[in-house]
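To start, the structure itself, in structure tokens.
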Amino acid sequence: MENHSIHTQRKDDHLRINLEEDVRSGLRNGLERIQLEHCALPEFALNDVDLSSDFLGMKIALPLLVSSMTGGTEQGAEINARLANAAEAMGVAMGLGSQRTALKNPAAERSFQVRKYAPTIPIFANLGAVQLNYGVTPEDCMRLVEMAEANALILHLNPLQEALQPEGESNFSSLLPKIESVCKRVPVPVIVKEVGWGISGKVAFLLKQAGVAAIDVAGAGGTSWAQVEMFRAKTESDQRIAAHFRDWGIPTATALRQIRELNLGLPVIASGGIRKGIEIAKCIALGADLCGIAGSFLQAASLSSEAVLEAFEEIRKELAIAMFACGASNLAKLKTTGTFPLD
């Protein structure tokens, strides 16, 4: 496992680049090609729309997850505190950034301990799944859950990012049995997510067999970590290689469709380039149970908790209007709403 100073520097690099550079994928998430079926006669009032959700037995006020972003540094601690304050005020779920650094450096734990700001919302701990091939054990995973007083554990998959990092850890061999072991031994639900290149139906099926409780497709169309690593690359050759992967990945809508067609019976989180309430409505109509947003919330959190809360409120209002306009008074009915492709 790499030393703490390298990991901390990388975390700070990632934050700075995400806030200052254009790191968007060259792909769209596919939701722009999908239209919700309009209902001219909803037969209920806008104020009757119920946005509340139950995800893995956890109650949330609307189907929104603050996707995993940061932690482990002073700047990360400040951003996490702002995100947690706003998430608690709105009643939405929050994912933490990778907690790997906290396994080696107790001083980093504080940046992930946001329960004091968010006593009631679901909080998801987070670790790169590949770390299970580099000495991290299920017991370590339990420690991360306890550290964050988390309701679930996210294991993230990022083979392309690790391959593009000069310090990347890219041994993904025989990882599935280790994920299965974590699912069996950690006493909270285990969620597996990508970081922005999508989870295919084939991989989702394997994860279901391993005992995963939910999947976050984290499709292409939002932040491209290839672009992030391009800005970190030390040589022109590495910069060019990373740039060539800007258009890589499975768009969010495609990943959702692949997984829905398998009828796995697993809760699904949609993320990847989602910024608007209408896009959340589309994802739920396509089979998602929860939607994650990172990039726009990171920009808001760099300002204040109030800015994050304003972003939440705009999404909440737009989602309610979208549901009203397609005749869905609650999320269960939204799941049955018709969609059609735009030419």
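Odds and ends about this structure:
- Criterion (surrounded by fewer than 20 Cβ atoms within 10 Å (Cβ to Cβ) and closer than 29 Å to HIS244 by Cα) met by exactly one of SER181, SER174: SER174
- Going through (1) surrounded by 24 or more Cβ atoms within 10 Å (Cβ to Cβ); (2) in contact (Cβ under 8 Å) with a residue 40 or more places away in the chain one by one, ILE241 falls short only on (1).
- Selection of first residues in segment 7-35 that are touching a residue at least 40 places away in the same chain (Cβ under 8 Å) and more than 16 Å from GLY196 (Cα to Cα) and of second residues that are of a type in the set (D, E, K, R) and surrounded by 22 or more Cβ atoms within 10 Å (Cβ to Cβ), restricted to Cβ pairs under 8 Å at least 6 apart or on distinct chains, gives the following pairs, ordered by first then second residue: HIS7/ARG100; ILE34/LYS282.
- Meeting the requirement of 2 or more residues that are of a type in the set (Asp, Glu) and closer than 27 Å to ASP13 by Cα, no strands (runs of 3 or more DSSP E) wholly within segment 41-138 can be named.
- Positions within segment 265-278 being surrounded by 24 or more Cβ atoms within 10 Å (Cβ to Cβ) and of a type outside the set (A, V, I, L, M, F, W, C), in sequence order: SER271, GLY272, GLY273
- Residues (touching a residue at least 12 places away in the same chain (Cβ under 8 Å) and among the acidic types (Asp, Glu)) located in segment 58-115: GLU74, GLU88, GLU109
- Picking from residues in segment 102-127 that are among the basic types (Lys, Arg) and either in contact with a Leu (Cβ under 8 Å, 6 or more places away or on another chain) or modelled with pLDDT of 95 or more (or both), the one that is farthest from ALA89 (Cα to Cα) is ARG110.
- For segment 87-118, a residue qualifies if it is more than 13 Å from MET147 (Cα to Cα) and in contact with an Asp or Glu (Cβ under 7 Å, 6 or more places away or on another chain), and the qualifying residues are TYR117, ALA118.
- Where LEU262 falls short, out of the listed (1) crowded, with 17+ Cβ neighbours inside 10 Å; (2) of a type in the set (A, V, I, L, M, F, W, C); (3) touching a Gly at 6+ places or on another chain (Cβ under 8 Å): (1)
- The residue that is farthest from the chain's Cα centre (by Cα), among those in segment 160-181 that are within 9 Å of ALA210 (Cβ to Cβ) and among the aliphatic types (A, V, I, L, M), is LEU176.
- Candidate set from segment 139-163 (those that are touching a Phe, Trp or Tyr at 6+ places or on another chain (Cβ under 6 Å) and in a strand (DSSP E or B)); member that is nearest to ALA102 (Cα to Cα): ILE154
- Every residue from segment 321-343 that is part of a loop (DSSP other than H, G, I, E, B) and at pLDDT below 95: GLY338, LEU342, ASP343
- Per-region count, segment 24-40, residues part of a loop (DSSP other than H, G, I, E, B) and in contact with an Asp or Glu (Cβ under 6 Å, 6 or more places away or on another chain): 2
- Filter result for GLY135 (farther than 21 Å from GLN258 by Cβ and free of Cβ contacts under 8 Å to residues at least 24 places away in the same chain): no
- Taken over segment 290-320, the criterion of being in a loop (DSSP other than H, G, I, E, B), surrounded by fewer than 22 Cβ atoms within 10 Å (Cβ to Cβ) and under 13 Å from the mean Cα position of the chain (by Cα) is satisfied by no residue.
- Residue match in segment 205-218 (condition: more than 23 Å from PHE172 (Cα to Cα) and not aliphatic (A, V, I, L, M)): no
- Exactly one residue among LYS202, LYS234 is surrounded by fewer than 16 Cβ atoms within 10 Å (Cβ to Cβ), modelled with pLDDT of 95 or more, of a type in the set (D, E, K, R) and more than 20 Å from ASN133 (Cβ to Cβ), and that residue is LYS202.
- Residues in segment 55-91 that are in contact with a Lys or Arg (Cβ under 9 Å, 6 or more places away or on another chain) and of a type outside the set (Gly, Ala, Ser) were compared, and the one that is surrounded by the most Cβ atoms within 10 Å (Cβ to Cβ) is LEU64.
- Only one of the numbered conditions (1) in contact with a His (Cβ under 8 Å, 6 or more places away or on another chain); (2) surrounded by fewer than 22 Cβ atoms within 10 Å (Cβ to Cβ) is violated by ALA129, and that is (2).
- Single residue of THR337, THR252 found to be among the polar types (S, T, N, Q), closer than 28 Å to ALA163 by Cβ, in contact (Cβ under 8 Å) with a residue 60 or more places away in the chain and crowded, with 19+ Cβ neighbours inside 10 Å: THR252
The values are calculated or read from the model by the stated rules, or taken from the named source; none is laboratory data. None of the values given here were measured: they were computed from a predicted structure. Because the Cβ atoms are built from the backbone with ideal geometry, glycine has one as well, and the counts that use them run over all protein chains shown.
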